[in-house]
Amino acid sequence: MLIPYDQLSPATLAALIEEFISREGTDYGDHEISLETKSSQIHQQLCEGRIVISYDEHEETCTLIPHWQAMEHGLE
């Protein structure tokens, strides 16, 4: 199931984005990117629909995934 990002409270969305960033690692090449910058980039991708929020009913968890991956799994 997909959850529209604008249906979450700002605090919940920020926590979800921060958790996603921490899972993705911290190697950004030659330049380190701040959490604030990376959070802003992820939020922009959510607004553009390039990343979506997927909720797993069985595990009762949600995560950010690329839009193409949601389509591939029939979540659209």
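The values are calculated or read from the model by the stated rules, or taken from the named source; none is laboratory data. It should be emphasised that the depicted structure is a prediction, and the values quoted were computed from it without experimental measurement. Note that we place each Cβ from the backbone using ideal geometry, even for glycine, and neighbour counts take in every protein chain shown.
Okay, here's what the table says:
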{"item": "Of residues in the range 1-18 being assigned to a helix (DSSP H, G or I) and in contact (Cβ under 8 Å) with a residue 40 or more places away in the chain, the one farthest from the chain's Cα centre (by Cα)", "result": "Tyr5"}
{"item": "Breaking point among (1) out of contact with any helix residue (DSSP H, G or I) (no Cβ under 9 Å at 6 or more places or on another chain); (2) at pLDDT below 95; (3) among the hydroxyl-bearing types (Ser, Thr, Tyr), for Thr63", "result": "(1)"}
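Yes or no, residue by residue, for (1) out of contact with any strand residue (DSSP E or B) (no Cβ under 6 Å at 6 or more places or on another chain); (2) at pLDDT below 90; (3) charged (D, E, K, R):
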position	(1), (2), (3)
Leu8	yes, no, no
Ala15	yes, no, no
Glu32	yes, yes, yes
Ile42	yes, no, no
Gly49	yes, no, no
Ser54	no, no, no
His67	no, no, no
His73	yes, yes, no
